[in-house]
1. Taking helices (runs of 4 or more DSSP H) that fall entirely within the stretch 112-189, which contain at least 1 residues that are of a type in the set (Lys, Arg)?
2. Please tell me if Glu356 is out of contact with any strand residue (DSSP E or B) (no Cβ under 6 Å at 6 or more places or on another chain), of a type outside the set (A, V, I, L, M, F, W, C), at pLDDT below 85 and over 22 Å from Pro415 (Cβ atoms).
3. So which residues in the stretch 89-106 are in contact with a Lys or Arg (Cβ under 8 Å, 6 or more places away or on another chain) and within 20 Å of Asp136 (Cβ to Cβ), if there are any at all?
4. Residue check: is Ala61 in contact with a Phe, Trp or Tyr (Cβ under 6 Å, 6 or more places away or on another chain) and either surrounded by 16 or more Cβ atoms within 10 Å (Cβ to Cβ) or free of Cβ contacts under 8 Å to residues at least 40 places away in the same chain (or both)?
5. So is Gly48 in contact with a helix residue (DSSP H, G or I) (Cβ under 9 Å, 6 or more places away or on another chain), farther than 29 Å from Gly274 by Cβ and among the small types (Gly, Ala, Ser) or not?
6. Quick one: Leu106 ticks every box in (1) more than 21 Å from the chain's Cα centre (by Cα); (2) assigned to a helix (DSSP H, G or I); (3) at pLDDT 95 or above except a single one, so which number is it?
7. Starting from residues that are more than 12 Å from Ala149 (Cβ to Cβ) and of a type in the set (A, V, I, L, M, F, W, C), keep the ones in the stretch 173-194 and report whichever is surrounded by the most Cβ atoms within 10 Å (Cβ to Cβ).
Amino acid sequence: MIPLAWAEVEGLELGALRGKPEDGVVRRVHDDSRRARPGDLFVAINTGTRFVEDALALGAATLVPRDQHAALAALARLVRDRSEAQVVAVVGSTGKTTTKDALAALCAAVTPTVAADASRNNEIGLPLTVLRLEPDTRVLVTEMGMRGAGQVAELCGIARPTLSLVTSIGPEHLELVGTLEDVARANAEALEALPAGGIAVVPAGEPLLDPYLDRSDLDVRFFDPTSPTRDGDRWRFRVGGEELRLELPFTQRHLAGNVHAALTAYQALGLPLGRAHEGAGAIRLSRWRGEVHDLPGGGFVVNDAYNANPTSMRAALVDLAERAGGRRRVAILGQMAELGEESDRYHSDVAALLRELGIEVVVAVGEPARGYLAQIGDGVHVADTTGFDAIAEVLRPGDAILVKGSRSVGLEGIPALIQKHSRAWSES
């Protein structure tokens, strides 16, 4: 981290400070008492207040803030003010974390880069990411979640992005914001926060973003998430008039679309496309996002259970249909949450897609997911994730299985149970 003088931290008057560093300099700020060491400032948030004495015993200074969000934001602004890094804000309805992961890997291969861990994209995760800036950092890749009007603007006030990347606009958090136009408006706060000369990277042909792109002082770059094509064991991209062939550690077309967005931002940052292959091979996606696990008997299970909305659900189901390669297809699906008054319609649309794709077995997890079974005439319903026995009964060796639903459903453990269950196939 860019060092902060203890006197500066004291001057912010954020709460109860203890354990001043011997040399009066804070060299790291975090919220994990287990990682505490001399020169650190451990910020006790949520249940972290129980571990203040532990952090002090390990030699760290501690802060119990009066307002944890305000305290983290104030500390992060101090560090951001001292950094000359280019700061990227990744926002959008789908693909934020995958795009962030891809851009981070591309940049890190060629220049000192700091990036958000997993999905640390809220009022706690964003400032903690900014607080990892080093004196030599040249690119900071942040992710910003949107759960209502004004949230992205607030996060941008901390990170002060110089490039904002909108991955997509689609149905998300409609219970909180209302309409797709409102979704676009909330995500576009990242575009409005850009300074003169800032860079906006947006999906081509998205009319809902047009009202926010009419600033003459912005450098606007477009990407087409549907344009990447398979070329043997590589993907073919066209970025800024240049053609690239890159090997990626996954085969899903929609994930390659996220990489196209990342490549567009990478080029806009002035980084060399000729070296993009160095970072492409190092892309590692965060957990539960399109993870493919082979199963005994020639089948596989895709763990895409981190979250779901109508756009990502369609992409995952189309991918299942394409990659099955003649295998029987099984879709284990939880509800898509926070879709407001249109929730039933969106779930019915997925039901229609399941019928159109001819998915052989559908397992609906949770009461709201029953809508997936409406148009297929057959299927399995289980009340919650404790009903694995009913799921196991419909599985066969060689199946191509997708597990997907909103995070609140808690499906992420199902693929591991499937793997454990499938071992009996090879033993029988």
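The values are calculated or read from the model by the stated rules, or taken from the named source; none is laboratory data. Computed from a prediction, not measured in an experiment: that's the story for all the values here. Using ideal geometry, Cβ is built from the backbone for each residue, glycine included, and neighbour counts are taken over all protein chains shown.
1. On the way: elements: 125-130, 151-159, 174-177, 180-187.
In the stretch 112-189, 180-187 are the helices (runs of 4 or more DSSP H) which contain 1 or more residues that are of a type in the set (Lys, Arg).
2. On the way: out of contact with any strand residue (DSSP E or B) (no Cβ under 6 Å at 6 or more places or on another chain): yes; of a type outside the set (A, V, I, L, M, F, W, C): yes; at pLDDT below 85: no; over 22 Å from Pro415 (Cβ atoms): yes.
Spelling it out, it is not the case that Glu356 is out of contact with any strand residue (DSSP E or B) (no Cβ under 6 Å at 6 or more places or on another chain), of a type outside the set (A, V, I, L, M, F, W, C), at pLDDT below 85 and over 22 Å from Pro415 (Cβ atoms).
3. Going through the stretch 89-106, the residues in contact with a Lys or Arg (Cβ under 8 Å, 6 or more places away or on another chain) turn out to be 90, 97-98, 101, 105.
Once the filter is applied, which keeps residues that are in contact with a Lys or Arg (Cβ under 8 Å, 6 or more places away or on another chain) and within 20 Å of Asp136 (Cβ to Cβ), the stretch 89-106 yields only Ala105.
4. Numbers: in contact with a Phe, Trp or Tyr (Cβ under 6 Å, 6 or more places away or on another chain): no; either surrounded by 16 or more Cβ atoms within 10 Å (Cβ to Cβ) or free of Cβ contacts under 8 Å to residues at least 40 places away in the same chain (or both): yes.
No; evaluated as a whole, the condition is false for this residue.
5. On the way: in contact with a helix residue (DSSP H, G or I) (Cβ under 9 Å, 6 or more places away or on another chain): yes; farther than 29 Å from Gly274 by Cβ: yes; among the small types (Gly, Ala, Ser): yes.
So Gly48 passes the test.
6. Checking Leu106 against (1) more than 21 Å from the chain's Cα centre (by Cα); (2) assigned to a helix (DSSP H, G or I); (3) at pLDDT 95 or above, the one that fails is (1).
7. Among those residues, the one meeting the criterion is Ala190.
Each row is one residue, and each column tells you yes or no for (1) touching a residue at least 40 places away in the same chain (Cβ under 8 Å); (2) within 26 Å of Ser286 (Cβ to Cβ); (3) acidic (Asp, Glu); (4) in a loop (DSSP other than H, G, I, E, B).
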residue	(1), (2), (3), (4)
Glu356	no, no, yes, no
Ile359	yes, no, no, yes
Gly371	no, no, no, no
Asp384	no, yes, yes, yes
Asp389	no, no, yes, no
Glu393	no, no, yes, no
Pro397	yes, no, no, yes
Val403	yes, yes, no, no
Ser408	yes, yes, no, no
